[in-house]
Amino acid sequence: MFSPRVELKSPDQIRTMRRAGLVTRAALEAARAVCVPGATTDDVDSAGAAAIAGAGAASNFLGYMGYPATLCVSVNDVIVHGIPGPRNLEPGDVVSIDGGAIVEGWHGDAAITVIVGGDAAADPVDLALSRATEGAMWAGIAAFASAKRVGDIGAAIDDFAAREAPEFGLVEEYTGHGIGTQMHMEPEVLNYRARNLGPKVRPGMVLAIEPMLTSGGIASHTLADEWTVMTDDGSRAAHWENSVARHADGIWVLTEDDGGAAGLAPYGIAPVPLD
């Protein structure tokens, strides 16, 4: 039976979420631009915060369960929830940036991974790690277009990782989620194949799809700050995420400027906007 806890959105509500998604994208792009050698992770956070404020929106991370910043800025062996601070970025650092915005009570959430200094400064393994994680995200998003149940998304991510990046670890402890009037809502969106397929996919469902991969093992621990999650073996991690709507006529990636057209093209899927 379909869980009443899963919030289904009307077309107009999805349009508002699109606005929140575009502000989220602008914040991530502003943060990406300052991911240069010598910048601090505080600088990255400040750039995202300025973009959100400049759009007249609000951060959904700042103050969430006491979180002290606008963005999560996770460097190298930090998988997720890295707190910005005075750390200086160095060429070749792998930086995952996660953030979101609220517009008229509706949320956006997305993440990117950036290599400081660009591809030329990247270790080939790190570059492959980021690309594989992004690919796994798009595999999950593409699956959402025709999924019968939410678990089909995790199965697609798992299959992609096993086929295209078997040398990397697929993190299981942290998952995607529903999003709408809150940042984290039902249903949980696993990043791996599971026996429980979860609720049925229905028009009006909006999900944040966000795989995380590591260059080593998937075991992790949380620091004393109760936020920063690090790999146990010191291996590096990457994190990619988008918020995606499934409506009566198709899917629409709310946190991509092109609605997901480029990422979905290899799957023969065209996003369908409600504009």
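Just so you know, all these numbers are worked out from the coordinates, no wet-lab data involved. Nothing here was measured: the structure is a model prediction, and the numbers come from that model. Using ideal geometry, Cβ is built from the backbone for each residue, glycine included, and neighbour counts are taken over all protein chains shown.
Taking the simple approach of a point 7 Å from Cα along Cα-to-Cβ for both Leu223 and Val125, what is their distance in nm?
Computed distance between label sites Leu223 and Val125 equals 2.2 nm.
Give the order of Thr222, Thr255, Thr40, Thr113 when sorted by the count of other beta carbons within 10 angstrom, beginning with the fewest.
Thr222, Thr40, Thr113, Thr255
Which one of Gly100, Pro68, Ser130 is farthest out on the positive end of the charge dipole of the chain, using unit charges on Cβ (Lys, Arg +1; Asp, Glu -1) and the Cα centre as origin?
The one lying farthest along the dipole's positive direction is Gly100.
Classify the range 4-155 from the C-alpha gyration tensor, please: rounded if a/c falls under 1.5, else prolate or oblate depending on whether a/b exceeds b/c.
Oblate, because a/c is 1.5 or more while a/b does not exceed b/c.
Suppose a student asked you for the relative contact order of the range 1-140, using Cα pairs under 8 Å spaced at least 6 residues apart; what percent would you report?
Normalised by residue count, the contact order of the range 1-140 is 25 percent.
Quick check: net charge around Ala132, other residues with Cβ under 10 Å of its Cβ, Lys/Arg +1 and Asp/Glu -1?
Values: positive: Arg131; negative: Glu134, Glu164, Glu167.
Spelling it out: positives minus negatives among the neighbours equals -2.
First measure r as the distance between the Cβ atoms of Ala33 and Ala194, then evaluate 1/(1 + (r/R0)^6) with R0 = 51 Å and state the FRET efficiency to the nearest 0.05.
It comes to 0.85.
Just want to confirm a number: the relative contact order over the chain, from Cα pairs under 8 angstrom separated by 6+ residues, in percent.
22 percent
Taking the Cα centre of the chain as origin and charging only Cβ (+1 Lys, Arg; -1 Asp, Glu), how large is the dipole, in debye to the nearest 20?
Details: 18 positive and 36 negative charges, 222 e Å.
Here the chain has a charge dipole of around 1060 debye.
Distance from the Cα centre of the range 102-157 to that of the range 218-249, in angstrom?
Using only Cα atoms to place each centre, the spacing works out to 11 Å.
Return the FRET efficiency for the residue pair Ala162, Ala53: r is the Cβ-Cβ distance, R0 is 30 Å, and the value is rounded to the nearest 0.05. Kindly include the intermediate steps, with their values, before the conclusion.
Details: r = 42 Å, r/R0 = 1.40.
Result of the calculation: an efficiency of 0.10.
Which ordering of Glu241, Glu226 is given by a fewest-first count of other beta-carbon atoms within 10 Å?
Glu226, Glu241
How large is ³J(HN,Hα) for each residue in the range 221-231, as worked out from phi by the Karplus curve 6.51 cos²θ - 1.76 cosθ + 1.60 (θ = phi - 60°), to whole Hz, x for Gly and Pro?
Using θ = phi - 60°, the values come out as 9, 9, 6, 5, 6, 6, 10, 5, 9, 10, 5 Hz.
First select every other residue whose beta carbon is under 12 angstrom from the beta carbon of Glu104; then total the charges, Lys and Arg +1, Asp and Glu -1.
+2
Which FRET efficiency value, to the nearest 0.05, do you get for Asp233 and Ala270 by plugging their Cβ-Cβ distance into 1/(1 + (r/R0)^6) with R0 = 51 Å?
On the way: r = 41 Å, r/R0 = 0.80.
About 0.80, to the nearest 0.05.
Report, in deg cm²/dmol and to the nearest 500, the calculated mean residue ellipticity at 222 nm for the chain, where each DSSP H run with n ≥ 4 adds -39500 (n - 2.57) and the sum is divided by the residue count.
So the calculated ellipticity at 222 nm is -9000 deg cm²/dmol.
Under 18 Å from a point 7 Å along the Cα-to-Cβ line of Lys148: which residues of the range 182-217 have their amide N that close?
193-203, by backbone N distance to the label point.
So, counting K/R as plus one and D/E as minus one, what does the shell of residues with Cβ under 13 Å around Leu223 add up to?
Counting the neighbours of Leu223, the net charge comes to -4.
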